[in-house]
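Notes follow the structure.
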Amino acid sequence: MDAPPPSNADYIVPSSVDIDPHVLAGKLSGSVKIGVRIPDQAAGLAGNATALTINGRTVAAEIKSVSKGYDVKADRRAFVEALGGQTGDVNVKVGIVSDTGNRFVGTDAVILKTEALSLSVQGEDRVKAGDEFELTYALGGAGDGVRQLSLNLAYDPEVLEFVSAKSPVKALNFSAEAQQPGTVAVTASGTSNRLFNGSELFTVRMKAKETEAAASEVAARDILYFNTQKESFAIADAVHRIALFGEVGEIAVSGEGGVSAIDYNRGTLQLLAQIKPANSNVSVSWSVTDLDGAATELASITPDGLLSGNSKGLNGQVKVIAEASDGSGKTGERIVDISNQLQAVTGTAFGAEPSWSAGSEYGKAFDGDVNTFFDYKEAEGGYVGIDVGEGQAAVLGQVRFHPRKGMESRMTGGKIQGSNVSPTEGFVDLHTIGEQPAAGWNSVDVAAGESYRYLRYYGPAGGNGNIAELEFYAANSSQDLNEAPAAE
């Protein structure tokens, strides 16, 4: 036989537990008898019991020490409440704490058909500002001898307004009296079958005020019920939360950080829409037009309001429009200046081959996806560029590029070059990337002076020609891209 643990140990001894009755149905009055029998090797540790726990929750009970453990008489209502509203076959974990600090734990199964008394509430969970709405309250659980129910309805009087309350139950004494702002005292009395008449004990009518509040709640608190012996018992709060919304009044459009212009080539501007009232709870759709409302090539805008300059060297003003998505037709507008846009130089892509692996060919530098990239098979000699076309050339003014993500250092020392000979010969340096570029898009100005048919990026030693995106722009928006190269 195992030796008993020390008497002062924080020790859990598995015990046998018997709960009587095994089926709890109907009323909550009375008691539940529990026998806790501890193992022989722990008999010397029993001591006098000081507390009973049911599923970890302390429950008031009469506990008597016996030769083999404890006999317990627990309040039936407290026992059921400790089971947290469970019904059906329930495994009950019973714990006894003795005055010596020992804990004896065991489990038994009961069939639970009795539920602790509760107040439920149902109603709209989304209400328009200015509208009225109803909440319906009902009693559930075991109503042994219930004769009266009282509670306080609490709400924010700045957001909600109490209109009325009534009960459809006949022969029930019901009253609802507004107290100080934000509180209504509710009382219902009658026989148990009246209080438990069905799914509706009483209804409360409220009104949502014209505010900008996005949510509020109506809380039934301080809930007490009284039985035939005039004993009172508390019930858990019943809280109903409501989302509030209002009709769109106006939409104010602004640029992030107070900016209202795009003043650099291919720049972007995040537009913001402030909708009033704040609880309108609608989204907006974005569009951009010229000042007369016609389609424009000066800028484009994404569904989340990011405005981008153009690649055609066009400058001027655009109108950005945010329209409410609720069908109300409410809009907000902002005029945005677009300046310093340059014309993109386009042509046929060329580059060093082969690539490191399939999917990293030189064409990836022009696919518009910053998540793909050109990766030359060799560490040195990697390049990628465009051929403007036979009999055509461009005076380069700016280059935008996006490094391969996480490999920004591989572009340090890379060069922008131009040639009028071929994609592999006759190149002159137009710009050298002197320091590690930033992650994301980078722009460099190039003072080419002369026009070139072939434009390329040439990677540094050890860089494998890595680049995610590459864009060339003419020196100014009026640059003639069809200009022939200067004769040598």
(Q) Is it the case, given these coordinates, that Ala220 is surrounded by fewer than 20 Cβ atoms within 10 Å (Cβ to Cβ) and aliphatic (A, V, I, L, M)? (A) no
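Quick grid of which residues meet (1) among the hydrophobic types (A, V, I, L, M, F, W, C); (2) part of a helix (DSSP H, G or I); (3) open to solvent by 50 Å² or more (accessible area, probe 1.4 Å); (4) on the phi < 0 side of the Ramachandran plot:
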residue	(1), (2), (3), (4)
Val169	yes, no, no, yes
Pro181	no, no, yes, yes
Ala188	yes, no, no, yes
Ser199	no, no, yes, yes
Thr211	no, no, no, yes
Q | From Gln148, Gln122, residue being open to solvent by less than 80 Å² (accessible area, probe 1.4 Å) and more than 19 Å from Gly30 (Cα to Cα) | A | Gln148
Q) Taking interchain pairs and intrachain pairs at least six residues apart, which have beta carbon atoms under 8 angstrom, with the first residue in segment 259-278 and over 30 Å from Ala214 (Cβ atoms) and the second charged (D, E, K, R) and open to solvent by 30 Å² or more (accessible area, probe 1.4 Å)? A) Ala261/Asp337; Ile262/Asp337; Asp263/Asp337; Arg266/Glu471
Q) Which of the residues spanning segment 43-61 are surrounded by fewer than 18 Cβ atoms within 10 Å (Cβ to Cβ) and either in contact (Cβ under 8 Å) with a residue 12 or more places away in the chain or touching a His at 6+ places or on another chain (Cβ under 8 Å) (or both)? A) Ala43, Gly44, Gly47, Asn48, Thr50, Ala51, Thr53, Asn55, Gly56, Arg57, Ala60
(Q) Suppose we filter Leu117, Leu160, Leu135, Leu153 for residues that are farther than 30 Å from Phe245 by Cα and either touching a strand residue (DSSP E or B) at 6+ places or on another chain (Cβ under 6 Å) or surrounded by 15 or more Cβ atoms within 10 Å (Cβ to Cβ) (or both); which single one remains? (A) Leu117
Q) Limited to segment 44-81, what total is found for residues that are within 20 Å of Asn227 (Cβ to Cβ) and among the aliphatic types (A, V, I, L, M)? A) 5
Q: Kindly list the number of the only condition in (1) over 50 Å from the mean Cα position of the chain (by Cα); (2) open to solvent by 70 Å² or more (accessible area, probe 1.4 Å); (3) modelled with pLDDT under 95 that fails for Ala484.
A: (2)
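The values are calculated or read from the model by the stated rules, or taken from the named source; none is laboratory data. All figures in this text were calculated on a predicted structure; none of them were measured in a lab. Note that each Cβ is placed from the backbone with ideal geometry, even for glycine, and that neighbours are counted across all protein chains shown. With ligands, DNA and RNA removed, areas are computed over all heavy atoms of the protein, side chains included. Shrake-Rupley method; radii C 1.70, N 1.55, O 1.52, S 1.80 Å.
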